[in-house]
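Before any comments, here is the structure.
The values are calculated or read from the model by the stated rules, or taken from the named source; none is laboratory data. Predicted, not measured: the structure shown is a model, and the values here were computed from it. Virtual Cβ from ideal backbone geometry, glycine too; neighbours counted across all protein chains shown.
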Amino acid sequence: MKKIMCIVLVVFLAWVGVSVAAEKPPKIVVTTGGIGGVYYYYGTTVAEILTKNAGVEATAIQTAASVDNLLLIQRRSDPAKDTYYLGLVLPDSAYLAYTGKIDRFKDQPAKDTRVLWTMYPNILHVVTRQDSGIKTIADMKGKRVSTGAPKSGTEVEAFLVFEGADIKTSDLAKQERLGAAESAEALAQGTIDAYFWSGGLPTGSIVELATTLSRKGSKIEFVDFDPQGEVVKGLLQKFPGVIERGVIPQKVYNTEKDVHSLAFWNLFMAPENLPEKYAYSITKALFENVEQLHTAVKASRDTTLTNAVKSVHGTIPYHPGSLRYYKEKGVLK
């Protein structure tokens, strides 16, 4: 009898162990961007929301942003380990990676990535000082310029702008490849003359830079893109529906006037192999707690159910799990 009871107990404990293992939440790694940029704060807040509400164990990590994030989503997600990388990505970087038109994805296009939601528009900032002599992209020739962190969406956009303006990096006095906070610090210290940054409004490091320059008796300024100029028209033609004309309103950084620029609607992306139930629960958790995100990150105010499906007819498909949620909420038929 004791022997039978022992066998029953062993079987029961084994069943409990299997049940506990089955209930263990998947690991979600949210890839963000550099400290000082909106991606970092947006991604860390999303990870907090998901851990509390989506039945997953989510953490956020600092990265070089868009291209780096796409590589991690595509190549580090591992269903066998129940680990999935999600990330914030600029739409032009996503398009170039998905179609294999960028170096790091020529041999392995990111066809196995999916959109969970469209987030908010990044505005391309070309930041300089009022006394730098830089008023147009052409004025960057012979100047010290940071084109953004390596493998970032900012770097991709900087090179697209240079291509449209017929400028090579060899035309610069010096090229730096710095992230948001590092670029702002370098401009404040006078070791660079201008830098590119693609981010939401406002970007914290630029707000701080404006204050720092003001204390030094200088003033922040942005390169104004002619809305009808060749650079803007060329990029709109090359990336229809992905890039739009944008504006940095005067009040955002206390500039003398509104600044014309380019807008890029960011994507929150996942691997195709993310199980549908998790894609659904992640999307649902985010939008049922989106006010927490709006409170923490000003730029996220455009993360709404209506805007979430803004890219649904684009080149990159949405994940079936997120689509199920949007159909339940009535924002998609």
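Specify which of the listed residues (THR128, THR154, THR191) is outside the structural domain of GLY37 (by TED's automatic domain parsing), part of a loop (DSSP other than H, G, I, E, B) and of a type in the set (S, T, N, Q).
Just one listed residue meets the conditions, THR191.
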| field | Check on VAL145, part of a helix (DSSP H, G or I) and touching a residue at least 24 places away in the same chain (Cβ under 8 Å) | value | no
| request: Answer yes or no as to whether VAL29 is outside any strand (DSSP E or B) and in contact (Cβ under 8 Å) with a residue 12 or more places away in the chain. | output: no
| query | Looking only at the range 157-188, which residues are of a type outside the set (S, T, N, Q), without any contact (Cβ under 8 Å) to a residue 40 or more places away in the chain and not in a helix (DSSP H, G or I)? | reply | ASP166, ILE167, LYS168, LEU172, ALA173, LYS174, GLU176, ARG177, LEU178
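Let me confirm something: among ASP82, ASP78, ASP112, which residue is on the phi > 0 side of the Ramachandran plot, surrounded by fewer than 24 Cβ atoms within 10 Å (Cβ to Cβ) and modelled with pLDDT of 95 or more?
ASP82
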| task | Select from the range 122-150 the residues that are surrounded by fewer than 20 Cβ atoms within 10 Å (Cβ to Cβ) and within 22 Å of TYR42 (Cα to Cα) and list them in ascending order. | result | PRO150
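Let's see how each residue does on (1) in the same structural domain as VAL46 (by TED's automatic domain parsing); (2) touching a Leu at 6+ places or on another chain (Cβ under 7 Å); (3) hydrophobic (A, V, I, L, M, F, W, C):
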residue	(1), (2), (3)
LYS284	yes, no, no
ALA296	yes, no, yes
ALA299	yes, yes, yes
PRO317	yes, no, no
